[in-house]
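A short write-up of the structure that comes next.
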Amino acid sequence: MWETFGALVCDLWAGRETECDPLAGFTPTGPDERPGDGLWAARQICDDVDIRQEEGGCRIRLQAATSRLQESA
């Protein structure tokens, strides 16, 4: 996790050999818990959620605006 000018960024790595769904988390979760349900919450909170398949796993990058972005406006 780090801060860039105007955003807090967090990279998450799922190092298993699975395919990532870049559209995961666009629909609300159901009554039963499933892997990936937290992505819906992340999409509600964060300004940007990027899910990418990479060699050996899946990378999820979350970005949320910080007060520095508002200060620059």
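The values are calculated or read from the model by the stated rules, or taken from the named source; none is laboratory data. Since the model is a prediction, treat every value here as computed from it, not as a measurement. Note that we place each Cβ from the backbone using ideal geometry, even for glycine, and neighbour counts take in every protein chain shown. Calculation scope for accessible area: heavy atoms of the full protein, side chains included, ligands and nucleic acids excluded. Shrake-Rupley method; radii C 1.70, N 1.55, O 1.52, S 1.80 Å.
Quick look at the values:
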read-out	value
Condition check for residue 36: within 12 Å of the chain's Cα centre (by Cα) and modelled with pLDDT under 85	yes
Any pair with Cβ under 7 angstrom, 6 or more apart, that starts in the stretch 38-61 at a residue that is under 21 Å from residue 6 (Cα atoms) and ends at one that is assigned to a helix (DSSP H, G or I)	49/39; 49/42; 49/43
Residues of the stretch 1-56 classified as assigned to a loop (DSSP other than H, G, I, E, B), acidic (Asp, Glu) and surrounded by 10 or more Cβ atoms within 10 Å (Cβ to Cβ), total	3
Selection count where residues are among the aliphatic types (A, V, I, L, M) and either at pLDDT below 85 or touching a Cys at 6+ places or on another chain (Cβ under 7 Å) (or both), scope the stretch 1-22	2
Residue 70 being among the polar types (S, T, N, Q) and modelled with pLDDT of 90 or more	no
Residue under evaluation residue 63, criteria (1) at pLDDT 80 or above; (2) open to solvent by 80 Å² or more (accessible area, probe 1.4 Å), criterion not met	(2)
